[in-house]
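Below: one structure, written as structure tokens.
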Amino acid sequence: MGSTVVFWDFEGTLASRSGIWSQCLVDVLDKVLPGHGLTRGDFAPALRDRFPWHDWRRPHPELSDPDAWWAALEPVLAGACLAVGLGAAEAERVAAAVRTCYVDPAYWSVYPDVRPALEDLRAAGWRHAIVSNHVPELPELVRRLGIADLFDVVLTSATTGYEKPHPRMYLAAREAMGRPRAVWMVGDNPLADVEGAEASAIPAILLRSPSANGWRRAADAFAAARIILESAPAALR
């Protein structure tokens with residue numbers, strides 16, 4: 001029989017970066033244009049619904065190469081810079097620098113409950129995989145954050161070509177983990193992590209989110225682990 005596996009989202013579930021993309025633009029500007037006076041709120045409107053995961057129904061295998069993925073995103077980032085009044089040269093410079101800044105582990109923090117909760121599950125026979133709508137460099141970021149040892153596989157939509165909740169992303173995760181006999185999905189996004197997983201016959205837990213909408217909900221990774229362990233049939237324990 002196959003193994004038992006938990007799929008974990010990354011950002012907002014295992015780790016966080018304050019302000020995400022809009023704050024990253026500010027972080028870059030702090031270095032290249034000190035005293036700029038802009039805030040992440042200035043950039044947010046131009047970035048809304050502009051990332052690949054906002055158009056999840058459209059696969060993008062043509063962007064599975066990291067350079068191609070970032071090349072497709074840079075016009076979005078540059079456009080946000082132009083929208084707040086930066087010149088074209090400055091906008092391009094800032095957009096190009098986001099690739100390095102966004103994956104700098106200094107800007108990320110792993111939630112303190114992650115390691116002990118995942119180790120508890122692993123002790124009970126559950127393996128772990130990250131299944132995330134994220135950048136191509138996610139596996140390296142996970143390694144630099146010191147949690148790579150917890151996961152058998154790190155899948156990012158940037159390299160699979162499919163964004164959650166697309167069913168092909170979940171299929172890719174199942175295949176990467178050897179088609180396990182039992183799977184759970186844990187994440188903070190009601191659509192991508194919960195509705196998408198449930199639609200692919202994967203029970204899901206909404207983590208660190210106040211919006212439950214009838215789904216299973218856990219305040220932290222310990223609570224998610226408890227749901228998984230208590231829900232597992234005796235044959236899987």
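The values are calculated or read from the model by the stated rules, or taken from the named source; none is laboratory data. Since this is a predicted model, take the numbers as computed values, not measurements. Neighbour counts are summed over all protein chains in view; Cβ atoms, including those assigned to glycine, are modelled from backbone coordinates with ideal geometry. The accessibility values were calculated without ligands, DNA or RNA, using every heavy atom of the protein model including side chains. Shrake-Rupley method; radii C 1.70, N 1.55, O 1.52, S 1.80 Å.
With respect to SER157, is the statement that it is hydroxyl-bearing (Ser, Thr, Tyr), modelled with pLDDT of 95 or more and either under 17 Å from VAL110 (Cβ atoms) or surrounded by fewer than 17 Cβ atoms within 10 Å (Cβ to Cβ) (or both) true? No. Look at ILE202 and say whether it is farther than 28 Å from TYR107 by Cβ, open to solvent by less than 60 Å² (accessible area, probe 1.4 Å) and among the β-branched types (Val, Ile, Thr). Yes, satisfied.
Note on segment 19-34: among residues that are open to solvent by less than 80 Å² (accessible area, probe 1.4 Å) and at pLDDT below 95, the one that is nearest to LEU138 (Cα to Cα) is ILE20. Residues of segment 1-57 that are under 21 Å from LYS164 (Cβ atoms), among the acidic types (Asp, Glu) and not in a loop (DSSP other than H, G, I, E, B): GLU11, ASP55.
Can you spot a residue in segment 97-111 that is among the β-branched types (Val, Ile, Thr), touching a residue at least 12 places away in the same chain (Cβ under 8 Å) and more than 30 Å from VAL26 (Cβ to Cβ)? No; the residues of segment 97-111 include none that is among the β-branched types (Val, Ile, Thr), touching a residue at least 12 places away in the same chain (Cβ under 8 Å) and more than 30 Å from VAL26 (Cβ to Cβ).
Beta carbons closer than 9 Å, at least 6 apart along the sequence or on distinct chains, pair a first residue in segment 73-88 that is of a type in the set (Asp, Glu) with a second that is open to solvent by less than 40 Å² (accessible area, probe 1.4 Å) for GLU74/ALA95; GLU74/VAL98. Among the residues of segment 77-94, how many are more than 18 Å from PRO34 (Cβ to Cβ) and over 19 Å from the mean Cα position of the chain (by Cα)? Going through segment 77-94 one residue at a time, the tally reaches 7.
Kindly establish whether ALA68 is touching a residue at least 12 places away in the same chain (Cβ under 8 Å) and among the small types (Gly, Ala, Ser). It is false that ALA68 is touching a residue at least 12 places away in the same chain (Cβ under 8 Å) and among the small types (Gly, Ala, Ser).
Scan segment 35-44 residue by residue and report those that are under 21 Å from the mean Cα position of the chain (by Cα) and surrounded by fewer than 17 Cβ atoms within 10 Å (Cβ to Cβ).
Filtering segment 35-44 for residues under 21 Å from the mean Cα position of the chain (by Cα) gives 40, 43-44.
Of everything in segment 35-44, just one residue is under 21 Å from the mean Cα position of the chain (by Cα) and surrounded by fewer than 17 Cβ atoms within 10 Å (Cβ to Cβ), namely ALA44.
Residues considered: ALA117, ALA95, ALA71, ALA89. Of these, the only one that is hydrophobic (A, V, I, L, M, F, W, C), open to solvent by less than 40 Å² (accessible area, probe 1.4 Å), part of a helix (DSSP H, G or I) and farther than 22 Å from ASP188 by Cβ is ALA95.
Looking across LEU145, LEU121, one residue alone is in contact with a His (Cβ under 8 Å, 6 or more places away or on another chain) and modelled with pLDDT of 95 or more. It is LEU121. For segment 133-142, the count of residues that are over 18 Å from VAL6 (Cα atoms), surrounded by 16 or more Cβ atoms within 10 Å (Cβ to Cβ) and acidic (Asp, Glu) is at least one.
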